[in-house]
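The values are calculated or read from the model by the stated rules, or taken from the named source; none is laboratory data. Since this is a predicted model, take the numbers as computed values, not measurements. Cβ atoms come from the backbone with ideal geometry, glycine included; neighbour counts cover every protein chain shown. Please note that ligands, DNA and RNA were not included when accessible areas were found on the heavy atoms of the full protein model with its side chains. Shrake-Rupley method; radii C 1.70, N 1.55, O 1.52, S 1.80 Å.
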Amino acid sequence: MTTADLPMSLLHRHDAEVAALLQREDERQSATLTLIASENHCSPAVREASVSRITDKYAEGYPGKRYYGGCEVADAVENLARRRALQLFAGAEEANVQPHSGTTANLAALLALAGANGRIVGMALKAGGHLSHGHDKSHTGVVFHPKQYGVDDKGLIDLDEVRAVCKEHQPKVLIAGGSSYARNLDYAAFAAIAKEVGALLLADIAHPSGLVAAGVVPSPIGHADVVTMTTHKTLRGPRGGMILARKDIAKQINSAVFPGAQGGPLVQQIAAKAVAFGEALQPAFRQYQLRVKENAAHLAACLLDAGLDIVTGGTDNHIVMVDLRKTDVTGADAEARALAAGLSVNKNAVPGDPRPPMVTSGLRLGTAAVTTRGFGKAEIARIAAVIVGLVRGEDPAKSRLVVRELCERFPLP
Ligand code: DSN
């Protein structure tokens with residue numbers, strides 16, 4: 001089902017202007033290949049749940065303890081989502097499915113564990129971390145007292161540096177995870193460092209959460225005190241966040257989500273999370289995640305073979321970070337050319353990038369969305385050839401034909 005189907009015709013009669021915009025977005029996504037590492041295409045069932053009537057319901061609080069009447073269905077929905085989350089992430093003790101996003105999940109977890117002005121240590125954004133890991137323009141850099149670690153000259157996390165920063169800064173919370181880091185993290189080693197300095201470990205698996213759920217990359221569960229994530233990237237659910245925590249800190253986490261960081265939960269999104277978790281519990285989900293990883297490894301190999309540089313020389317997950325510093329194009333140029341060819345990508349700083357964030361010297365690619373459309377290695381090789389051609393200055397119009405043919409052959413779910 002697409003937005004062109006029944007619900008759209010109703011919207012079209014009611015508000016043609018908005019309907020036309022949504023129709024345009026539907027067409028844009030259909031005719032574009034999404035290689036943005038943080039995006040995916042959720043199922044029609046997830047989309048249906050996220051526009052359900054329960055969107056009208058206020059349910060501040062938690063199941064059984066709400067500040068509003070009439071929450072019996074909201075309670076059941078939230079409990080179902082929590083139960084499925086715990087099934088999916090085996091070994092996790094408690095799940096909070098209310099965070100509106102990965103950033104609010106991180107804010108809440110840090111509020112609970114570090115407190116206002118508490119010391120935190122996370123990976124710098126420009127090294128592959130995330131804004132909400134203590135960047136000075138994020139509330140996590142304002143409300144807390146952060147210090148950050150980077151990566152070595154190969155683009156890899158240097159655990160000796162992490163330990164040194166922690167010893168100097170004595171954080172209450174050490175954060176492991178990033179938004180453009182293509183390698184597995186050694187969660188046991190992070191946990192050992194946290195223990196050494198008396199900190200708690202927060203693992204942010206916003207990007208690889210689907211791969212973790214399917215057991216195809218290492219899991220932080222059992223090592224980290226708290227795990228935050230988004231539900232819309234590799235996990236292929238609706239837009240939103242989630243927190244898994246040890247039982248003994250779950251109460252603090254819950255209070256930090258509501259009323260600490262948010263008001264009423266988006267119950268329709270929680271229903272859609274429950275649907276997505278149900279899908280992720282099916283055997284086909286593991287096969288999908290294996291293909292996501294295989295496709296990313298193949299994309300990296302094809303680009304390397306063609307002479308492009310890849311940060312860390314490859315990937316362990318769904319992300320491929322192209323380092324354009326040896327070419328004559330910037331990340332912004334490459335992004336514009338790719339868009340003209342019908343590839344949706346994002347420019348991204350590479351470690352040690354001399355260029356500003358709106359220009360950059362890198363391109364971040366991800367294989368979750370095209371794998372959802374059904375791509376295998378043959379299609380990935382064609383896309384790699386398109387990217388190489390674009391970087392070398394080929395006319396995007398030529399590539400547009402290849403992209404259009406692939407989009408038609410592999411429609412959106
Ligand atoms: N989630 C980030 C990304 O990786 O694109 C943006 O905050």
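Things to note:
- Rounded to the nearest Hz, the phi-derived 3J(HN,Hα) couplings of the range 135-143 under the Karplus curve 6.51 cos²θ - 1.76 cosθ + 1.60 (θ = phi - 60°) are 4, 5, 8, 9, 4, 6, x, 9, 6, where x marks glycine and proline.
- Sequence-distant contacts, meaning Cα pairs under 8 Å at least 6 residues apart, place the relative contact order of the chain at 22 percent.
- Springs join every pair of Cα atoms under 10 Å in this Gaussian network model of the chain, and among 340, 297, 213 the largest mean-square fluctuation is at 340.
- Fluctuation leader among 60, 93, 25 - the chain, Gaussian network, Cα springs under 10 angstrom: 25
- Counting protein heavy atoms only, the range 44-144 has 53 percent of its accessible area on carbon and sulfur, 1.4 angstrom probe.
- Just checking the listed ones, 318, 14, 100: in the Gaussian network model of the chain with Cα springs under 10 Å, the one fluctuating most is 14.
- Close amide H partners of residue 246, meaning residues 5 or more places away or on another chain with modelled amide H under 5 Å apart, do not exist here.
- Share of pairwise Cα separations in the range 176-268, more than 20 Å, in percent: 40
- Using equal-weight Cα scatterers in the Debye expression, the normalised intensity of the range 315-413 in log10 at q = 0.15, 0.21, 0.24 Å⁻¹ is -0.59, -1.09, -1.32.
- Beta bridges per DSSP, both residues in the chain: antiparallel share near 55 percent.
- Kirkwood Rh, angstrom, the chain [1 / mean 1/r, Cα pairs]: 21.9
- Residues with amide H under 5 Å from that of residue 200, placed H, sequence gap 5 or more: 173, 174
- log₁₀ of I(q)/I(0) at q = 0.10, 0.11, 0.14, 0.16 Å⁻¹ - the range 234-376, Debye sum with one point per alpha carbon: -0.51, -0.60, -0.86, -0.98
- Dipole magnitude for the chain: about 340 debye, using +1 per Lys or Arg Cβ and -1 per Asp or Glu Cβ, origin at the Cα centre.
- Over the range 1-134, the Kirkwood radius and the radius of gyration, each from Cα atoms, give a ratio Rg/Rh of 1.03.
- Residues of the range 1-96: accessible area per residue with a 1.4 Å probe, Å²: 60
- Translational diffusion of the range 56-196, estimated by Stokes-Einstein from the Kirkwood radius over alpha carbon pairs at 10 °C in a medium of 1.306 mPa s, is 94 µm² per second.
- Here the relative contact order of the range 135-286, from alpha carbon pairs under 8 Å that lie six or more residues apart, stands at 15 percent.
- One Cα centroid belongs to the range 231-274, the other to the range 121-144; the line between them spans 20 Å.
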